[in-house]
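Below: the structure, in C-alpha cells.
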Amino acid sequence: MKYYLIAGEASGDLHGSNLMKALKLEDSEADFRFFGGDLMKAQGGTLVKHYADMAYMGFVEVIINFRAILKNMKQAKEDVLANHPDVLILIDFPGFNLKIASFAKQHNIKVFYYISPKVWAWNQKRVLKIKKVVDKMFCILPFEVDFYKKWEMDVDYIGNPLLDAISENTPDELFSVNNNLSVKPIIALLPGSRKQELLNILPDMVAVSDLFPNNQFIIAGAPTFTLQDYQPYIGNRDIRVIFNNTYNLLLHSEAAIVASGTATLETALLKTPQVVVYKGNTISIAIARLLIKIKFISLVNLIMDDLVVKELIQNDCTPITITEELKSILYDKTYRTQMLINYEELALRMGQPGASFKAAKLMVGYLNQTQ
C-alpha cells in the first residue's frame with residue numbers, strides 16, 4: 001500500500017520513522033512518501049519536504065512566516081493529490097495537518113492521525129472538525145482516551161512511541177571516554193530544535209554554567225542545526241555540543257535543563273532529574289496564556305496531573321531561577337529522590353514499549369477492511 005506521512009518537527013520525525021519501520025513489517029509492499037526528516041528518510045521512500053523548513057512555533061512566528069507556511073501547504077496538497085496514497089498519516093503538527101486532513105477528505109483520501117493534536121489544551125471544539133475529517137485517531141497519552149470519549153469519539157490508545165525509541169537505544173557505558181569528556185558530573189542542556197528556541201532559551205541555559213564550575217555542561221545538538229549554530233551562544237565557555245546521542249547524554253547526566261516539549265518526557269523516562277524552561281515571543285506567550293486552559297506545560301506534569309518538575313516560563317525563566325532549581329536538584333537529596341520516585345510512577349502510567357508496532361498493526365488492519 002501507498003502511505004503518505006506528514007511530520008513537521010523533530011519529534012514527529014522520530015515517531016514517523018519508528019512507525020514506518022513497523023509498517024514495513026506489517027506490509028511488505030509498503031511504499032512511503034513524506035514530509036519529515038533524516039530519521040524518516042533512513043527508512044526509505046521519498047522525502048518531499050524537510051521539517052527544518054516547516055517548524056514555526058508561536059502566534060507571532062506563524063504570522064511572520066505565513067507566506068512560507070502557505071507555500072508548504074500548497075506543495076503538500078498538490079503532492080498528496082498527485083500521488084493519491086491509500087492513506088494519509090498525519091503526525092501531530094495540528095495547525096498544518098488539520099488543514100491537509102480537510103483537503104484529503106474532500107478528495108476521498110483516507111486520513112489517519114497518529115499522535116493526537118493537543119486539542120485538550122485549548123479550543124476543544126476542534127474535536128468536532130477532527131470527527132469530520134479524520135477516519136482513525138491513534139493516541140499516545142493515557143488521558144486522551146477519556147477526553148475524546150467526552151466528545152463521543154472512539155480512539156485507539158497505542159501507548160507512547162517514546163518508549164519504543166528509548167528501548168531501542170543502546171546504552172554507551174564508555175560515553176564519556178568516547179566523547180573525550182572530563183570526569184566532572186554532566187549537566188545536559190536541551191534547548192529545542194527550532195531557531196527561535198535557541199535565540200530565546202539557550203542564552204539563559206549557557207549563563208547558568210558560569211555558576212557551576214564543578215560540572216561540565218553539554219548541549220544535546222538538534223539534527224536541524226550544526227555546531228556553528230550553537231557557537232554564538234556558547235562564546236568562550238567550555239561547553240560541548242554532542243549530536244545524535246541525546247539519550248546516552250541524559251543517561252550519563254546528573255541533571256538536565258530542558259525546553260518544554262517532548263524532551264521533558266524523554267528526560268523523565270530516562271530518569272534524569274530536570275528543570276523545565278520556556279521563553280517565547282512576548283505577544284505569543286500572552287495570547288497562549290489567554291487561550292490555553294491547562295495547569296502545566298510539560299508532559300511530565302500533565303500526565304501525572306501534579307507538579308513533578310519545576311516549570312520556569314517567560315519572565316520566571318532567568319539564569320538565577322534556573323540556578324536555584326538546579327541547586328535543589330543536585331544538592332537536596334530529599335527533593336531529588338522525590339522527583340525520581342515520581343518518575344517511577346510516570347513510567348508505570350506510560351506502560352510498555354510497542355506503540356509503533358501496535359499502531360502499524362491497527363492501521364494495516366483498518367486499511368485491509370476497506371480494500
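Details
- Förster radius 45 Å - calculated FRET efficiency between L70 and T337, Cβ distance, rounded to 0.05: 0.35
- Angle between the chain longest axis and helix 66-83 axis [Cα atoms, degrees, rounded to 10]: 40
- Pair N315, E168: separation of 7 Å Cα→Cβ label points (nm): 4.5
- With a Förster radius of 41 Å applied to the C-beta separation of E345 and K129, the computed FRET efficiency comes to 0.75.
- Partners of K49 within straight-line reach, counting lysines whose Cα lies under 20 Å from its Cα and excluding those fewer than 8 residues away in the same chain: K2, K21, K41, K71, K74, K77, K99, K195.
- Among beta bridges that DSSP assigns inside the chain, antiparallel share in %, nearest 5: 0
- Förster radius 51 Å - calculated FRET efficiency between D306 and R237, Cβ distance, rounded to 0.05: 0.90
- Debye-formula intensities of the stretch 175-350, expressed as log10 I(q)/I(0) at q = 0.10, 0.15, 0.18 Å⁻¹, are -0.36, -0.83, -1.22 (one equal scatterer per alpha-carbon, no solvent).
Every number in this text was worked out from the coordinates using simple rules, so none of it is lab data. These figures come from a predicted structure and were not determined experimentally. Heads up, the Cβs are rebuilt from the backbone with ideal geometry, glycines too, and the neighbour counts pull from every protein chain shown.
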